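Values in this text are rule-based calculations from the coordinates and carry no lab data. The shown structure was predicted, so the numbers you read here are calculated from the model rather than taken from an experiment. Methodologically, a virtual Cβ is constructed for each residue, glycine included, from the backbone with ideal geometry; neighbour enumeration extends over all protein chains shown.
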Protein chains: 2
Amino acid sequence: MIRKMFAGLLLLSAFSAAAQKEDSLMIRKIADEILTNGKAYEYLKVLCKTVGGRVAGSPQMAKAEAWGVKSLQDAGADKVWLQECMVPHWVRGAKEQAWFTIAGKNTPIDILALGNSMGSSPKGVTAQVMLVNSFEELEQRKNEVKGKIVFYNYRFNDKFVRTFQAYGDASRYRGGGASRAAKYGAVGVLVRSMSHAADNNPHTGAMNYDSAYAKIPAAAVGLKDADKLAAAISSNKNVSVFLKTNAQMLPDVKGHNVIGELVGTEFPEQIITIGGHLDSWDPGEGAHDDGAGCVHSIEVLRVLKAIGYRPKRTIRIVLFANEENGLRGGTKYAEEAKAKNENHYFALESDAGGFTPRSFGFSMKPDQLAKVQQWTDLFKPYGVTELTAGGGGADIGPLGRTFGTPMSGYVPDSQRYFDIHHARSDVFENVNKRELELGAVNMAALIYLIDKYGL
Amino acid sequence: MIRKMFAGLLLLSAFSAAAQKEDSLMIRKIADEILTNGKAYEYLKVLCKTVGGRVAGSPQMAKAEAWGVKSLQDAGADKVWLQECMVPHWVRGAKEQAWFTIAGKNTPIDILALGNSMGSSPKGVTAQVMLVNSFEELEQRKNEVKGKIVFYNYRFNDKFVRTFQAYGDASRYRGGGASRAAKYGAVGVLVRSMSHAADNNPHTGAMNYDSAYAKIPAAAVGLKDADKLAAAISSNKNVSVFLKTNAQMLPDVKGHNVIGELVGTEFPEQIITIGGHLDSWDPGEGAHDDGAGCVHSIEVLRVLKAIGYRPKRTIRIVLFANEENGLRGGTKYAEEAKAKNENHYFALESDAGGFTPRSFGFSMKPDQLAKVQQWTDLFKPYGVTELTAGGGGADIGPLGRTFGTPMSGYVPDSQRYFDIHHARSDVFENVNKRELELGAVNMAALIYLIDKYGL
C-alpha cells in the first residue's frame with residue numbers, strides 16, 4: 001500500500017517539475033496570443049451581424065455555413081469541408097400575437113411560439129385560461145382542462161446556483177407541456193419562460209408533440225407578462241386568452257456540419273473533435289447559444305496554428321448543423337464516423353455560452369480523469385479552477401455513445417446565461433470580448449495537454 | 001513531526017464533521033434568502049436611478065447619504081448614524097470639449113477631465129500634440145515637450161488575466177502624468193483610458209498635481225478616439241489639439257460615512273466592519289463602483305437579520321464617504337475608532353464590482369489565514385473557490401494600519417470591470433442581479449463563519 005502511494009506520488013511529482021514549467025509557458029503563449037490577437041470576437045461579430053438567428057433549414061443556415069467555411073479557412077485549417085445531413089425545417093411565420101381579456105378589456109402579452117410547435121388556426125384561438133403551477137396540479141385538475149388554454153406558470157428556481165439545474169428542472173414544461181395538456185382537451189398552452197431575467201423577453205426553445213394527442217399551439221411568455229397574467233387570473237374568475245401563432249413544420253432539407261482540420265503529425269488517425277453548434281433560435285443572434293461555442297472552437301485551431309504548435313493528433317473542429325430542434329448534426333457526425341471506422345480519441349464541446357471560465361466536466365474512465373486532474377493548477381491562472389467528473393455536450397453525445405470516446409464540456413459561469421438564452425437578447429452586444437477569449441484560452445490549453453500527453 | 005501532522009489532521013477533521021454540516025446548512029439558508037428575497041438589486045436600482053453619479057461634495061452626495069440611512073434602516077439595523085468628515089469638493093463644470101486638427105480640419109475626440117484636475121482657460125488651450133507611449137519616452141524626449149499637449153498612449157495590457165494588474169500598471173499615467181509633463185513645460189495632457197472596452201467611452205479617475213509644477217488641464221480619451229489620434233499623429237507631422245475643460249477644486253465641505261449596526265450578543269465590543277464606498281465618479285451611476293459594494297454590505301446585515309442569526313460580535317456596515325479622490329471617509333473612520341479606543345476585530349471590503357464571485361483575499365496572520373482556509377469548501381457551491389493571502393481594500397486600509405485589524409477584500413470576476421470603470425457605462429443596467437446577489441451570499445457566509453468561530 002505504502003509502495004503504491006509512493007509510486008503515485010512519484011508519478012505526480014514527475015509531472016509537477018519540468019513538464020509543468022514547459023506547459024505553463026506554452027499555455028501562457030496560447031493566452032497571450034488569444035488575449036492580444038484573438039479573432040473569436042471578430043468572427044462572432046460577423047456571424048451575429050451578417051447572419052443573425054439561424055434556425056435549421058432557414059436561409060440564414062446556408063449563410064452561416066458559408067461563414068463557418070470562411071472562418072475555418074481564415075483560421076488556418078489544413079482542410080475544410082461540409083458534411084451533409086438532413087435537418088428539420090420549422091418556420092415561425094409571421095409574428096405571434098396574444099392578449100388576455102377581462103371584462104372586454106385586452107392586455108397584450110409578449111410571446112414567442114415554441115420551436116417545433118404548430119400554428120394556431122389563422123384566426124387564432126380564444127379560450128378561457130387555466131393557470132397550473134405544475135404537472136401535478138394539471139393532473140389533479142384534469143377535468144377542468146377541456147377547451148381551455150393551459151398556462152404553465154412553473155417558476156425558474158433561483159435557488160440553484162448552477163442555473164442549468166434550474167433549466168433542467170423547468171424545461172420539461174416547455175418540452176412536454178403541450179401534449180400533456182392536449183391529452184385532457186386543452187386548445188393551446190402558454191409556458192412561463194425558463195429564465196430569471198429582469199426583462200420581459202419571452203424565451204423560446206424546442207418542444208415535442210406526443211403523436212397520440214392534438215398538436216395544439218404552444219408559446220413562451222415573458223416573465224413580467226407571465227406575472228401580470230397570473231395576477232389577473234388570481235383576482236378574476238373569468239380570464240380568456242387570445243393566442244395566434246403562425247408556425248409550421250415543413251419537410252426536411254439539406255444542411256451541413258462544417259468541419260475543419262489540422263492533421264496530426266504522429267497519430268493523424270486519432271481524432272480530437274472540438275465543436276459547438278452552428279444553428280440557433282431566430283429571435284436573437286445566437287451569440288452565446290452557440291455562436292460562442294463555434295468561435296471558441298475555431299479559435300482553438302487558429303491559436304495552435306498561430307503559435308506554431310503542430311498537434312500530434314488530428315484536431316478537428318466541427319460546427320454542428322442542428323442542435324436546437326433535432327440534434328441531426330451530432331447524430332450524423334457519429335454515424336459517418338462509425339461508417340468510416342474512425343478513431344475518435346477525445347471530444348470537447350462548448351455550448352454553455354461565452355462567459356467567464358469556471359471549469360471543465362469530463363466523462364471518461366477514472367484513471368483518465370485522475371491524469372487530467374493533475375493539470376488543474378495549469379488552468380487556474382486563466383479562470384478554470386476545477387476539472388470535474390461528468391460532462392460533455394449534446395452534439396458530441398452520439399460520438400460518446402457510439403465509440404465510448406472520452407468527452408468534456410466547457411463550463412463557463414452560468415449566472416447570465418438564462419437571461420438571454422433563446423431570447424431576443426442573445427445578441428453580440430451581450431458577449432464580453434475577454435470572457436469569450438478566456439474560454440478559448442482554456443479550451444486550447446486542454447487540447448494542447450491532451451494532444452501532448454494523451455489520455 | 002509525525003505527531004504534529006496528526007494533530008493538524010485531527011484539528012482539520014474535527015472541523016470537517018458536524019460543524020461543516022451545520023455551517024453548510026446555514027450558508028444554504030443565507031443563499032436561499034438572498035437568491036429569492038434579496039434586496040441588493042432593488043437598493044442598487046434606487047441608488048443608481050434616483051441619485052446617480054455622486055462625487056464627494058456634490059448635491060448627489062447628500063442624496064446618497066439619505067439613501068444609505070434609509071436602506072440600512074430598511075435592512076433592519078439596530079441603529080444607524082452619520083459620521084461627519086470633511087471631503088474635497090471637485091466639480092467638473094460644463095462638458096469638456098476636444099478635437100485634433102490636421103491642415104485646418106477638426107476631428108472631435110471624446111474626453112472626460114480627470115478627477116481633481118483644474119480646467120483649462122475659459123477659451124481652452126490649443127497646442128501641438130506630442131504622443132508618448134511611456135514615461136521613459138517622455139524623459140527621452142523631454143526637450144520637445146515645452147508648449148505642447150502630451151498624449152500618453154500607454155496601452156492597457158490585455159495579457160494580465162487579472163485586470164486589476166493591468167490597471168495598476170497603467171493608472172500611473174492618469175495619476176502622475178500631468179505634473180510629469182508640466183515639469184517640462186507641457187500645457188495640457190491627454191491620457192488613453194485605462195480600459196479594454198470595445199466602446200469609445202472615456203474613463204475618468206483621480207489624478208494629483210505635484211505642487212512644484214503648473215496645474216495643467218488633464219483629460220482621459222476614449223479608446224477609439226485615442227487610436228484615431230495616434231494614427232493621425234503617426235501619419236502627420238503637425239497635429240494640434242484643442243482642449244477645453246472646466247473643472248475646479250472648491251473648498252472642502254462636510255460629508256458623512258453612513259453607518260449601521262447589529263449589536264453583538266456576546267462580544268458587542270468586538271467590531272466587524274463591512275463596507276464599500278458611497279461616492280462615485282459622475283459620468284455614470286457608480287453602479288459597480290461602488291454601488292455594488294454598498295448594497296453587498298447592506299445585504300449582509302439584512303440577511304443575517306432576516307434568517308434570525310444574531311451575531312456574537314457587532315456587525316457594522318460602513319458606507320464610506322470619499323474613496324475616489326481623497327480617501328477621507330476611510331481615514332476618518334479609523335481616526336475616530338482610535339480616538340474611541342474601539343476594538344476592531346475584522347474588516348471586509350467590497351470595491352471590485354458586482355460581478356460573479358471568485359475569491360476572497362486576506363491580510364492577516366498565517367495561523368488566522370490557515371484557519372479561514374479550512375472553510376474553502378463551504379464557499380465553493382456559491383462561486384468563491386479560493387481564499388488567498390493578500391487583500392483588503394482602500395477604505396479599510398487605515399483601520400488595518402491603525403490597529404493591525406485582520407482584513408479581507410471580496411474578489412469578483414474582473415473581466416468586465418474595466419469596461420465600465422469610471423465611465424458613462426457604469427450604470428445599473430450593466431449589473432446582473434444574480435451575480436450581485438452571489439457576492440452578498442459569499443460575504444455573508446464569511447461574516448457568519450468569522451463571527452461564529454473567531455479568528
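Couple of notes before you dig in:
- Those lysines that a straight Cα-Cα span of less than 16 Å connects to B:Lys254, excepting residues fewer than 8 apart in one chain: B:Lys63, B:Lys332
- Per-peptide packing, taken as the mean over residues of other Cβ atoms within 10 Å, places A:112-119, A:181-188, A:296-303, B:152-159 in the sequence A:296-303, A:112-119, A:181-188, B:152-159 from highest down.
- Look at the alpha carbon pairs under 8 Å that are at least 6 residues apart: their mean separation over the length of chain B gives a relative contact order of 21 percent.
- Within 10 Å of the Cβ of each residue in B:159-170, the mean number of Cβ atoms contributed by other protein chains is 2.
- Rh (Kirkwood; distinct C-alpha pairs) - region B:83-141, Å: 14.9 Å
- Amide proton proximity set for A:Leu348, modelled H, under 5 Å, gap of 5+: A:Thr273, A:Ile274, A:Gly275, A:Ser408
- In this structure the amide hydrogen of B:Val55, modeled in the peptide plane, comes within under 5 Å of the amide hydrogens of B:Ser280, none closer than 5 places in sequence on its chain.
- Region A:93-246 shape via C-alpha gyration tensor axes, a/c threshold 1.5: rounded
- Kirkwood hydrodynamic radius of chain A, from inverse mean 1/r over distinct Cα pairs, in Å: 23.0 Å
- Rg/Rg_globular for the protein assembly as shown, with Rg_globular taken as 2.2 N^0.38 Å and Rg from C-alpha atoms: 1.01
- For B:382-389, mean number of other protein chain Cβ atoms within 10 Å: 2
- With a 10 Å cut-off around each Cβ of A:413-419, the average count of Cβ atoms from other chains is 5.
- Divide the volume of the convex hull around the Cα atoms of region A:180-254 by the residue count and you get 129 Å³ per residue.
- Near the amide H of B:Val187, within less than 5 Å, lie the amide hydrogens of B:Gly147, B:Lys148, B:Ile149, B:Val150, all on another chain or at least 5 residues away, with H placed in the peptide plane.
- Cα lying deepest toward the dipole's positive end in region A:93-246, options A:Thr163, A:Ala206, A:Met130, charges on Cβ: A:Met130
- When only alpha carbons are used to place a centre, region B:316-366 and region B:372-402 end up 12 Å from one another.
- With both labels modelled 7 Å from their Cα along Cα-to-Cβ, the A:Ala62 to A:Ala19 distance reads 5.1 nm.
- Computed on region B:100-156, with alpha-carbon pairs under 8 angstrom and 6+ residues apart, the relative contact order is 30 percent.
- Highest-first packing order for the peptide set A:246-255, A:330-339 is A:330-339, A:246-255, based on the mean count of other beta carbon atoms within 10 Å.
- Here is how far apart the A:Asp74 label points are across copies: 4.7 nm, shortest first, using a point 7 Å from Cα toward Cβ.
- Packing here is the average count of other Cβ atoms within 10 Å per residue, and on that basis the peptides B:90-103, A:435-448, B:195-208, highest first, run A:435-448, B:195-208, B:90-103.
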